[in-house]
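*Asks:* Once you've had a glance at the structure underneath, I'll fire off some questions.
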Amino acid sequence: MKPHFVNEDFDPMVDNPENYRLGIFYFNRKDKRAIVPKRNRLLGLTVNFARPYAYWWAIGIVAITIFALVMAFR
């Protein structure tokens with residue numbers, strides 16, 4: 001059974017190097033997903049920065065990381 005985020009229609013877009021800014025930031029306006037699999041599927045997921053609400057995901061991840069670090073070194 002394949003994970004729900006893997007779709008054969010979108011995977012060619014994820015694998016296309018032209019859809020990456022600076023080689024690491026996925027940016028594709030045609031891809032409607034905010035979270036997409038990375039080029040190497042074993043490494044997990046990445047954010048599609050062409051989606052406006054994807055920035056909220058990135059801000060949330062950074063905020064949780066900072067909160068965890070502050071609490072760990074208190």
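The numbers here are math on the coordinates, done by the rules we state, and not lab data. As the structure is a computational prediction, the values presented were derived from the model and not from experiment. Reconstructed Cβ throughout: ideal geometry from the backbone, glycine too, with neighbour counts over all protein chains shown.
*Asks:* Which distance in nm do the two modelled labels at Ile64 and Leu43 give, with both placed 7 Å along the Cα-to-Cβ direction?
*Replies:* That separation, rounded to one decimal, is 2.0 nm.
*Asks:* What does the charge dipole of the chain about its Cα centre add up to, to the nearest 20 debye, if the Cβ of each Lys and Arg holds +1 and the Cβ of each Asp and Glu holds -1?
*Replies:* With Lys and Arg at +1 and Asp and Glu at -1, about 220 debye.
*Asks:* log10 I(q)/I(0), Debye, Cα-only the chain, no solvent, q = 0.15, 0.16, 0.22 Å⁻¹?
*Replies:* Log10 of I(q)/I(0), two decimals: -0.56, -0.62, -0.97.
*Asks:* Could you work out the local net charge near Phe27, counting Lys and Arg as +1, Asp and Glu as -1, over the other residues with Cβ closer than 11 Å to its Cβ?
*Replies:* +2
*Asks:* Right, something else. So what's the angle, to the nearest 10 degrees on a 0 to 90 scale, between helix 54-72 and the longest Cα principal axis of the chain?
*Replies:* For 54-72 against the chain, the angle is about 30 degrees.
*Asks:* Towards the positive end of the charge dipole of the chain, with charges on Cβ (+1 Lys, Arg; -1 Asp, Glu), say which of Ala50, Leu22, Val62 has the farthest Cα.
*Replies:* Val62
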